[in-house]
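Down below is the structure, laid out as structure tokens.
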Amino acid sequence: MDFELSSNHKELQQRMRDFFQKEIAARAARLDASSPQERQDIMRDNLKMLSQVGYLGLGIEKEYGGSATDFVSQCVSGEELARVCASTFVSARASAFLFAYPIQSFGTDSQKKTFLPDIAKGNKIGALAYSEPEAGSDMEAVQCIAERKNNGWVINGTKDIVVNGPIAGSFLVFARTSNNAGDMPSFGLFLIDRDTPGLEVGESLETLGLKGAPVAGLNLKDCLVSDEALLGGRPGEGKSQLEETLEKGRLSLSAMAVGLGVACMEMATERAKKRVAFGKQIGRFQEIGFKLSDMFTDNDLGRMLTLRAAWAYDNKEPEAGILASCAKLFTSEALTRIANNAMQVFAGHGYVRGSGIERIFRDARFVEIAEGTTELQRVIIAKSELDKYQPH
Ligand SMILES: Cc1cc2nc3c(=O)[nH]c(=O)nc-3n(C[C@H](O)[C@H](O)[C@H](O)COP(=O)(O)OP(=O)(O)OC[C@H]3O[C@@H](n4cnc5c(N)ncnc54)[C@H](O)[C@@H]3O)c2cc1C
């Protein structure tokens, strides 16, 4: 057994850390406080910079302009980015993973050639739109409908929370492809360019945290797309394509949680050493020191679970999907505890806008909610345990 990262992983981690610290970290606070227009400009710029260091192409195959690294590499790099700016992590992930992964895994050769090189270079920004006002955890409840007409599809519906909505050039839109009573439900993912007639991007939405990540809803009204728009070209595969994407996505959300956890640790530890009360560094009070112990333990365990799941994917272990659920469940709940502990170390001065820990506290809450809530992860893990149980 070996817990050491390989020399390649360590080199990548250091290169990403140095770059993010130099180019992205200083912009995080400004991004958080920016107006919708400023936010879009800064994020476009940030994504372009990430392409220069190869971050956007980490999961994209070499023939399509990426570097096709393993999941462990993607996790160690993602942790470093989330540590300095969670909004930039989320926006980059929406384009380079949520949009690009399904194209790479299920797209036709022509779809891969059309989209992936531009995503890796940061010339195009992508987004995935599946949630609707009446459908989130329950993706089969989507009302957005794509109907077959002549040699294409006519799409009607609404998507309500889409990261990169305001800046994306193309969207992957999840829609049902059959609406007849008695039919088995059938779904598709459709590649739709922003300027397609009938597609309208809504106003920028304000969120509790991740304020730097541009978010908007979509409205599709008689939006006509060609046959080429259907991901993979075969109807009926959209749900399994989306499920696999979200399953692997749990890994990157876990890396995000660990990165935010590191940021909390660093800030809280510095504060615990610098702040003096009753003539003592507050970290020397057991109540504060023990918070640092709990934070460190939670985060280190979370990183181990995340890398274990990443390693399992890289080694094609059948348990990889469940391990990714365990990692997301643990790291997201751990992060909520860690951010809460960090805020308590700062107390009143942390609660004030602009304190730094206040931004991370707001950003942190996202991970328990996103793409398979903690409740849903428990449902998935419990089902897997019950299904595989065999009496001795
Ligand atoms: C900042 C942000 C960015 C987002 N970005 C995107 C994006 O880019 N694209 C996109 O399509 N969506 C996006 N989303 C939406 C996100 O994926 C959904 O919010 C998430 O999947 C949860 O769905 P919901 O909010 O509809 O909650 P619901 O599904 O309504 O769930 C509400 C509560 O009920 C619980 N619940 C539901 N079903 C069960 C069950 N079977 N068992 C136990 N408990 C259950 C949930 O755990 C939760 O606590 C984003 C959301 C946020 C906040």
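Does at least one position in the stretch 227-247 carry a residue that is in a helix (DSSP H, G or I), within 13 Å of the ligand (Cβ to nearest atom) and either over 27 Å from ALA175 (Cβ atoms) or among the aliphatic types (A, V, I, L, M) (or both)? The answer is yes; a qualifying residue exists. Only residues that are under 18 Å from ALA86 (Cβ atoms) and more than 12 Å from the ligand (Cβ to nearest atom) were counted in the stretch 365-392, giving 0.
May I ask you to list the residues in the stretch 142-184 that are hydrophobic (A, V, I, L, M, F, W, C) and either free of Cβ contacts under 8 Å to residues at least 12 places away in the same chain or assigned by TED's automatic domain parsing to the domain that holds PHE106 (or both)?
Within the stretch 142-184, ALA181, MET184 qualify.
Farther than 18 Å from GLN37 by Cα, among the acidic types (Asp, Glu) and within 25 Å of the chain's Cα centre (by Cα): is that true of ASP193 in this structure? It is true that ASP193 is farther than 18 Å from GLN37 by Cα, among the acidic types (Asp, Glu) and within 25 Å of the chain's Cα centre (by Cα).
Could you tell me which residue of the stretch 127-154 is farthest from GLY107 (Cα to Cα), considering only residues that are surrounded by 18 or more Cβ atoms within 10 Å (Cβ to Cβ) and more than 10 Å from the ligand (Cβ to nearest atom)? Among residues in the stretch 127-154 that are surrounded by 18 or more Cβ atoms within 10 Å (Cβ to Cβ) and more than 10 Å from the ligand (Cβ to nearest atom), the one farthest from GLY107 (Cα to Cα) is CYS144. Looking only at residues in the stretch 202-220 that are hydrophobic (A, V, I, L, M, F, W, C) and within 13 Å of the ligand (Cβ to nearest atom), which one is farthest from VAL367 (Cα to Cα)? In this case the residue turns out to be LEU218. The residue list LEU292, LEU335, LEU305 contains one member that is among the aliphatic types (A, V, I, L, M), more than 16 Å from the chain's Cα centre (by Cα) and within 30 Å of ASP138 (Cα to Cα), which is LEU305. Within this structure, VAL345 fails the test of being within 16 Å of the ligand (Cβ to nearest atom) and at negative phi.
Are any of the residues in the stretch 155-162 modelled with pLDDT of 95 or more and more than 16 Å from the ligand (Cβ to nearest atom)? Yes, because at least one residue in the stretch 155-162 is modelled with pLDDT of 95 or more and more than 16 Å from the ligand (Cβ to nearest atom). Just wondering, is there one or more residues in the stretch 99-120 that are over 18 Å from GLY372 (Cα atoms), within 13 Å of the ligand (Cβ to nearest atom) and not aliphatic (A, V, I, L, M)? No.
The values are calculated or read from the model by the stated rules, or taken from the named source; none is laboratory data. Note that this is a predicted model, so its numbers are computed, not measured. All Cβ positions, glycine included, derive from the backbone under ideal geometry; neighbour counts span all protein chains shown.
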